[in-house]
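Enquirer: Have a look at this one.
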Amino acid sequence: MVAVGRRYLPHGWRGLGRQLAIWFGFVIAYQLARGLADRHPAVTFERAQANGLRVVNFETKYTHRLYELTLQQFTDQRHWLALAVSWTYWNSEFTVLGLALLYVYIRRHEAFTRLRNTVLLANVLGLFGYVFMPTAPPRLLGLGFADAHSDGFVSFAANPYAAMPSLHAADSLIVGIVLALLCRRWWSKLFWIAWPAWVWFAVMATGNHFWLDCVAGVGVAMLALSLVYGPSAQRLVAAHRA
């Protein structure tokens, strides 16, 4: 095991353990913040419902329909597509994100720190959205969306009132952009370019986000990317001009 760590891990098992400590530390901090925000569950539920209906009113005012409901009905009529979007919703934010970070850590280590920091920053910004504006997803608003989730598992593993902004949309865009730039083969670049759009489709088709949530998630991702990558990009531009 020691030899494997020295051969494949940039800083051995100790370095990997340090990165895991950072991630689990963030998870603990997130749960603590969530616990502080959930001291009055009934009030949080009412606020989340009200904010979710505000999103509905905004979308119906400008588009005159809920396209997310149409997407879910279209998806549910095709069993293979329903399975695909369900798998994507449950795995894009943890399995795919985790594997992408691990790949960059091992194979493109020089790019890992900025990718990690960008994802963490986006999730911190999303946490502010949850604390100050808890928003119920479409499937919990009684609008005709099918709710295929187990409430017990959702309440344990995820935040049921963190629809605005969509961190699925934010994280998929961050990973998609960075991996598309890092990968060398054309087909892998194409996959990561298409990945964010597929995730956005999946989270809407499963009734977990409105398109407005995804737009807010894209905004969070772009802000995090600009804050983390912006200074180095400016230095490169300045050096090129010099």
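The values are calculated or read from the model by the stated rules, or taken from the named source; none is laboratory data. All figures in this text were calculated on a predicted structure; none of them were measured in a lab. Every residue, glycine as well, gets a Cβ built from its backbone with ideal geometry; the counts of neighbours run over all protein chains shown. Just the protein is used for accessible areas: all its heavy atoms, side chains included, with ligands, DNA and RNA removed. Shrake-Rupley method; radii C 1.70, N 1.55, O 1.52, S 1.80 Å.
Enquirer: Only residues of the stretch 91-131 count here: report those whose backbone N is under 17 Å from the spot 7 Å along Cα→Cβ of SER232, or say none.
Expert: What the label zone holds, given the 17 Å backbone N cut-off, is 101-122.
Enquirer: ARG65 to ASP147: FRET efficiency via 1/(1 + (r/R0)^6), r the Cβ-Cβ distance, R0 22 Å, to the nearest 0.05?
Expert: On the way: r = 20 Å, r/R0 = 0.93.
The value I calculate is 0.60.
Enquirer: For the pair ALA111/TYR30, report the inter-label distance in nm, with labels modelled 7 Å from Cα in the Cβ direction.
Expert: Using points 7 Å along Cα→Cβ, the separation is 2.3 nm.
Enquirer: Are there any trypsin sites (Lys or Arg not before Pro) in the stretch 161-225 that are in a DSSP loop and have at most 10 other Cβ atoms within 10 Å? List them by number.
Expert: Passing sites in the stretch 161-225 are ARG184, ARG185.
Enquirer: While we're here: Pull out the extension gain between TRP87 and TRP187, defined as 0.36 nm times the separation in residues minus the alpha carbon to alpha carbon distance; nm, one decimal.
Expert: Stretched out fully, the TRP87 to TRP187 stretch lengthens by 33.8 nm.
Enquirer: If you don't mind, there's one more thing I want to ask. For ALA162, enumerate residues with amide H under 5 Å from its amide H, sequence gap 5+ or separate chain, H modeled in the peptide plane.
Expert: THR135
Enquirer: On full extension of the chain, what length is gained from TRP198 through ILE22, given 0.36 nm per residue of separation minus the C-alpha to C-alpha distance?
Expert: Length difference between fully extended and current span is 60.5 nm.
Enquirer: How much of ARG114 can a 1.4 Å solvent probe reach, expressed as accessible area in Å² and rounded to 10?
Expert: Rounded to the nearest 10, the figure is 90 Å².
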